[in-house]
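Here's the structure we're looking at; comments come further down.
Every number here is computed from the coordinates shown, using simple stated rules; none is lab data. What you are looking at is a predicted structure, and each value in this text was computed from that prediction instead of being measured. Cβ: placed from backbone, ideal geometry, glycine included. Neighbour counts: every protein chain shown.
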Amino acid sequence: MTGFSALVGVVLPAVAVWLTMDACVLGRVIRSRTVLIALAVCGGLGLSALSSFWLIANGTGMGPGFVLADAILWTVVGSVAWWASRRRLGAGHQAPPRVAASPEALPLTTTDWLVRGLFILIALMAVGTIVKGYWALPHGEWDAWAVWNQKARFLARGGRQWISALAIDWSHPAHPLLVPLTVARLWAYAGREITLVPAMVGIVFGTATVAVVMGGLGLHRKRAWCAGAVLLAPGTFLQHWTAQQADIPLAFFMVASLVVLAHTRISLSPGTRDTQALLLVAGGLASFALWTKNEGMLLLGATALVASAVGVRSGHVGRVAWWAAGVVPALLTVLWFKLTLAPVAPYYLPEGSWLSAIERLFDHQHRAVINAALWPRWIGWGGPGAAGAAPLITIAAAVAVLSRVGYVARFVVAVPIVMLAGDYAMYLLTEVDVLWLIATTFDRLVLQVWPSLVLAAFLVGDANERATSPHRGRSAQPPVHRDCAQEPA
């Protein structure tokens, strides 16, 4: 029953977020139920991590009282959202239109069955890899029990003294707390510290990542199933589903934020309705990445540029303020945490004079050493069966960006480029042993951008997509299921 109780802790905020999205008529623009479910589940975990932090920061230990308060909170949120939705319908507003059959939803061809079969085969192999990974390391990898789960245990056991965990220098006290808080919260629901909970968190975020990529591309299209197969192929990606670290959640928040921004770009075209809810969701997802890992700061900055570009390109610059409003709750939480509770700089930041750091930045020999260490890792990323996956998918993303219908891909690929460039700059600037830092972090840094690169690589429209778009003046055509690969003509 403990596992079931922990599952209740996942479902409660997910249902509340789902009902809130329904009240905001988010399904009017994001018509992929797969994407909406993923956003509800992982968005609920992100929001519950914020609410949990403020509960324990005000002296509520993670005992039965915490569980009761948390359950009441999400029940109230869900009830208010349900009431608002019923009130809107009662006032005569129409429900969002259901996804209608489109020309692409005709009976499946042999090729359709082949790509679906390939995905199912790879997905079954992935399940075996995930089960084997959990069976071999039920407590996760080094950073899981030394950093993330260790903090979760302080949060779960420490009561008002949980802050003592921040005094352990080697456990990176300033790391953001979304993952530890999520694990501790679900342990509180379960009633004990079962290893299945942190593994379940990684599996939930991993599954949601695949769902967002495939749903964003449109499950009725072959490219979505091909993208899902490519996404699951690297063993390095699957290994981290049960590693019980924070990289898979960060990868989800990155790609989910980009998918929502892509839908925002579509819905901001002339003749469409307001998109405040979409921008709020996109900003919230980006800010949850900041509450997940320090690398989220790069992501937040990059997505801020993308959101601004979307506003400028569409002529709705003022609406970007809604994106900023979505960022505020998590951003303020992170700032308060880092400035008051854990004012400790990450160990890899330069501690000496910035003059010496800049010298390292332009030191050709230093750069050559780093490049020599990075290149073989970049080529071999993914594991023995998927070597070369990262450079190949990057080339495919570049092709999508340069294509005639690659406008959305250009927005999507900008964020992983900024992330990778920032990571490379950090390797140049750091004062720690850079070869050790590369050996211990590079695989995870590529993992963080992998889903977004796969999404960008497959953001090339089908040959008949633009011909059947309702923006082409063909009013007789049934409405086409919108996905993030579509752009207004």
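What FRET efficiency comes out for the pair A71/Y348, r = Cβ-Cβ distance, R0 = 45 Å, nearest 0.05?
Values: r = 39 Å, r/R0 = 0.88.
Computed FRET efficiency for A71 and Y348: 0.70.
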Could you tell me what % of all Cα pairs in the stretch 112-271 have separations over 19 Å? 60
Residue by residue through the stretch 173-189, which ³J(HN,Hα) values in whole Hz follow from phi under the Karplus form 6.51 cos²θ - 1.76 cosθ + 1.60 (θ = phi - 60°), with glycine and proline marked x? x, 8, 4, x, 10, 4, 5, x, 5, 5, 5, 4, 4, 6, 4, 4, 5
Check: the chain dipole with +1 on Lys, Arg Cβ and -1 on Asp, Glu Cβ, in debye: 1540
At what distance in angstrom do the alpha carbon centres of the stretch 306-370 and the stretch 109-138 lie from each other? 36
Just subtract the alpha-carbon distance of Q150 and T111 from 0.36 nm times their residue separation and send over the number in nm, one decimal. 9.2 nm
Given that compact globular proteins tend to follow 2.2 N^0.38 Å, what is the ratio of the alpha-carbon Rg of the chain to that value? 0.96
Taking a ≥ b ≥ c as the square roots of the eigenvalues of the Cα gyration tensor, with a/c under 1.5 meaning rounded and otherwise prolate when a/b exceeds b/c and oblate if not, the stretch 216-357 is oblate
Convert each backbone phi in the stretch 42-48 into a coupling constant with the Karplus relation 6.51 cos²θ - 1.76 cosθ + 1.60 (shift: θ = phi - 60°), then list the ³J(HN,Hα) values in order as whole Hz, x for Gly and Pro. 7, x, x, 5, x, 5, 5
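Would you please classify the overall shape of the stretch 302-417 from the alpha carbon gyration tensor, given that a ≥ b ≥ c denote the square roots of the eigenvalues, rounded means a/c under 1.5, and beyond that prolate means a/b larger than b/c while oblate covers the rest?
oblate
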Need one word for the stretch 301-350: rounded, prolate or oblate. Basis is the Cα gyration tensor (sqrt eigenvalues a ≥ b ≥ c); a/c below 1.5 gives rounded, then a/b vs b/c decides. oblate
Expressed to one decimal in nm², the mean projection of the alpha carbon convex hull of the stretch 1-40 is 2.8
What does the extension gain come out to for V80 and H366, with contour length at 0.36 nm per residue minus their alpha carbon separation? 97.2 nm
I'd like the Karplus ³J(HN,Hα) series for the stretch 326-335: coefficients 6.51, -1.76, 1.60, θ = phi - 60°, whole numbers in Hz, and an x wherever there's a Gly or Pro. x, 6, 4, x, 5, 4, 5, 4, 5, 4
Compare the peptides 121-133, 205-217 by average per-residue count of other Cβ atoms within 10 angstrom and give them in order, highest first. 205-217, 121-133
